[in-house]
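Everything below concerns the one structure shown next.
The values are calculated or read from the model by the stated rules, or taken from the named source; none is laboratory data. It should be emphasised that the depicted structure is a prediction, and the values quoted were computed from it without experimental measurement. Positions of Cβ are backbone-derived with ideal geometry, glycine not excepted, and every protein chain shown enters the neighbour counts.
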């Protein structure tokens, strides 16, 4: 056992708190506000130092901004949708995630970043929604509208882990604001995530330490980039628990919450 | 819910303190800004070895403030 601030804690908790100390110190050094958020928020990202086998922990804005957007107004239009000059509605383009199968496709906004600006998104867990379609008692058929249940997904025995990311520097041409933005690379869902994220059947590309090192520092060709981007973290080393539906506003968003009407996940996957 | 539950103000020892809820990964840290000259404080919830939860300062050294302000933050969220 160890002590932190006079309180008896486990070794794992002690290490977690010490890691938090380092990150808090980094953020103080950066002297920028931190905002919690599940969309377009600032997140901790490991970014390679130029030409060195070393990295910095920095904050980046989640939501990749393509280089051709000139101002924050244009970014807001892309993210929220808008009506063009002809009155036609242009739907939102969401760049929080980059689908691994497309990151190197010619002409795609992610290609240059996937080749030259790969990063690691630091995470302790992530949130996804499971869709359950109730059965109509009269017809016995599933209803068209699903009930949605949020889950918090973590790795067993790992306080922190890395998601594959790609990042992009961007400057607002009107204000001069400089920001670094990123997208999380996603891959096909493994057997656990197939049950949890059962609407899209995708999951973030979670990297073990060897793959994380290779993703960040490796001099790798396109084939290898795609291989790593498409890798699936083993379902047997992950766990998923249900959380409250209003988790975004909760003091502890990841706190477990049980739903009596929810079928259990098949865990022998 | 308060329209801005990530940035709010509380009364602590008869003075206003500013509270920012921040995230690092999916860890939550509260950054406390004092109106007077006291140094800013970062606090988070941690787990005691007996599995109970407690508030702690990050880094160590300001445990009493962490516990007192942590309780105020909990009350703020319960009210909303």
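Out of the residues in the stretch A:212-251 that are touching a residue at least 24 places away in the same chain (Cβ under 8 Å) and closer than 23 Å to residue A:52 by Cβ, state the one that is surrounded by the fewest Cβ atoms within 10 Å (Cβ to Cβ).
My answer is A:217.
Looking only at the stretch B:47-80, filter to residues that are part of a strand (DSSP E or B) and in contact with a helix residue (DSSP H, G or I) (Cβ under 6 Å, 6 or more places away or on another chain); which one of those is surrounded by the most Cβ atoms within 10 Å (Cβ to Cβ)?
The qualifying residue surrounded by the most Cβ atoms within 10 Å (Cβ to Cβ) is B:56.
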Q. Looking at (1) farther than 17 Å from residue A:150 by Cβ; (2) in a helix (DSSP H, G or I), which is the only condition residue A:173 fails?
A. (2)
Q) Of the residues A:44, A:12, A:25, which single one is under 25 Å from residue B:20 (Cβ atoms), part of a helix (DSSP H, G or I) and modelled with pLDDT under 85? A) A:25
**Q.** Top-ranked residue in the stretch B:33-44 [being modelled with pLDDT of 90 or more and either more than 7 Å from every other protein chain (Cβ to nearest Cβ) or part of a helix (DSSP H, G or I) (or both); ranked as surrounded by the most Cβ atoms within 10 Å (Cβ to Cβ)]
**A.** B:43
Q. Would you say residue B:5 is facing another protein chain (nearest Cβ under 7 Å), assigned to a loop (DSSP other than H, G, I, E, B) and more than 20 Å from residue A:10 (Cβ to Cβ)?
A. yes
Q) Within the stretch A:76-94, is there a residue that is closer than 15 Å to residue A:183 by Cα and in contact with a helix residue (DSSP H, G or I) (Cβ under 8 Å, 6 or more places away or on another chain)? A) yes
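Quick one: which of A:102, A:128 is within 14 Å of chain B (Cβ to nearest Cβ) and either free of Cβ contacts under 8 Å to residues at least 24 places away in the same chain or over 30 Å from residue A:52 (Cα atoms) (or both)?
One residue alone meets the criteria, A:128.
Residues checked against (1) closer than 23 Å to residue A:229 by Cβ; (2) assigned to a helix (DSSP H, G or I); (3) within 20 Å of the chain's Cα centre (by Cα):
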| position | (1), (2), (3) |
| --- | --- |
| A:93 | yes, no, yes |
| A:104 | yes, no, yes |
| A:115 | yes, yes, yes |
| A:148 | no, no, yes |
Q) When only residues in the stretch A:117-133 that are modelled with pLDDT under 95 and outside any strand (DSSP E or B) count, which is farthest from the chain's Cα centre (by Cα)? A) A:133
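The rows are residues; the columns are (1) closer than 18 Å to residue A:152 by Cβ; (2) outside any loop (DSSP other than H, G, I, E, B); (3) within 14 Å of another protein chain (Cβ to nearest Cβ).
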{"site": "A:185", "(1), (2), (3)": "no, yes, no"}
{"site": "A:213", "(1), (2), (3)": "no, yes, no"}
{"site": "A:220", "(1), (2), (3)": "no, no, no"}
{"site": "A:265", "(1), (2), (3)": "yes, no, no"}
{"site": "A:268", "(1), (2), (3)": "no, no, no"}
